[in-house]
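Bear in mind these aren't lab numbers, they're just calculated from the coordinates by the rules spelled out. Small disclaimer: the values here were computed from a predicted structure and weren't measured. All Cβ positions, even for glycine, are placed from backbone atoms using ideal geometry, and neighbour counts span all protein chains on display.
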Amino acid sequence: MKDEWWKDFFGGLIVDFWRAAIPDEVTRAEAGFLVRALGLAPGSRVLDVPCGAGRLAIELAARGGAVTGVDISPEFLEVARSTARERGVDVEWRQSDMRDLPWTSEFDAAFCGGSSFGFFDDPGNAAFLAAVSRTLRPGGRFFADFKAAESILPNFRERREMTLGDLRFEATNRYESAAGTMESVYVITRGDRSETKRAVTRIYTTREILRMLSEAGFADFETFGSLEGEPFRLGSPNLLVVCRNR
């Protein structure tokens, strides 16, 4: 049986935690990077998948983009719609599995942020990349933020803890080398309320990621280790990839 942990993971206190974890200035910096890396102009059609609470979709819409956000979580999308209304921007929101993208050659650019790749088995992850490629016009650009093996393993910690305001976050991680997966159990606590969430993410090497992107229809890869354009190296926090749809 397939492990479909992601179906009910993104709800409850985890929604509040992710909203609190990323400051507004980081969102603005990431949006600026996307504008430059994807060559966005006012009116560019942009797909954000999965969009979570919509922080980047909303910021790009505020800068003139015609943005569509896709996410499986109704709680995330409820927050996204509310925030978009507060900021007075229009974003098209769609609730669905991130592999279920009904558009063909509709978008000028797409992105997958928040290290949101690897939620499925190998065929499922390949299906996601192929679905994104189908949504893009020829020459459309794609950005993704990956937790590559070269990022995770040199910095691996079995336990991580942090406090954000009134939220306490604890993570216990286990890497399965034979399967190439990271199993993480998260405990999020606010006062007397505590929730436990489990996630299993497929971890790929940079070479595997670039091969999968190529097989999905992408080319002309640029890799970075930071938003400032630093080269990706062993131990870089994330692998940032910008590429073009063939």
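Going by average Cβ density within 10 Å per residue, which order do the peptides 240-246, 161-167, 178-184 take, highest to lowest?
My ranking of the peptides, most packed first, is 240-246, 178-184, 161-167.
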Please work out the Cα convex hull volume for region 87-204 and give it in Å³ per residue.
-> 158 Å³
Cβ crowding within 10 Å averaged over residues, with 65-73, 186-194, 25-33 ranked highest first | 65-73, 25-33, 186-194
With the dipole of the chain defined by +1 on each Lys or Arg Cβ and -1 on each Asp or Glu Cβ, the option from 232, 96, 179 whose Cα lies farthest towards the positive pole is 232
Neighbour cut-off at most 11 other Cβ (10 Å), DSSP loop, trypsin sites (Lys or Arg not before Pro), region 136-170 = 157
Where does the Debye-calculated log10 I(q)/I(0) of region 152-199 sit at q = 0.27 Å⁻¹, using only Cα point scatterers of equal weight, no solvent?
-> -0.99
In nm, the gap between the two label points placed 7 Å beyond Cα toward Cβ at residue 172 and residue 155 is 2.4 nm
How far apart, in nm, are the 7 Å Cα→Cβ label points at residue 215 and residue 21?
-> 2.8 nm
Inter-centroid distance (Cα atoms) of region 206-234 relative to region 78-141, Å = 19 Å
What is the packing order of peptides 14-24, 102-112, taking the mean over residues of other C-beta atoms within 10 Å and listing the highest first?
-> 102-112, 14-24
Over all pairs of different Cα atoms in the chain, the reciprocal of the mean inverse distance gives a Kirkwood radius in Å of 18.4 Å
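Helix-derived [θ] at 222 nm for the chain: sum -39500 (n - 2.57) over DSSP H runs of at least 4, divide by residue count, nearest 500? Mind showing how you got there, number by number?
Values: 7 runs with 75 residues, N = 246.
About -9000 deg cm²/dmol.
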For the chain, what is the relative contact order in percent, using Cα pairs closer than 8 Å and at least 6 residues apart in sequence?
-> 19 percent
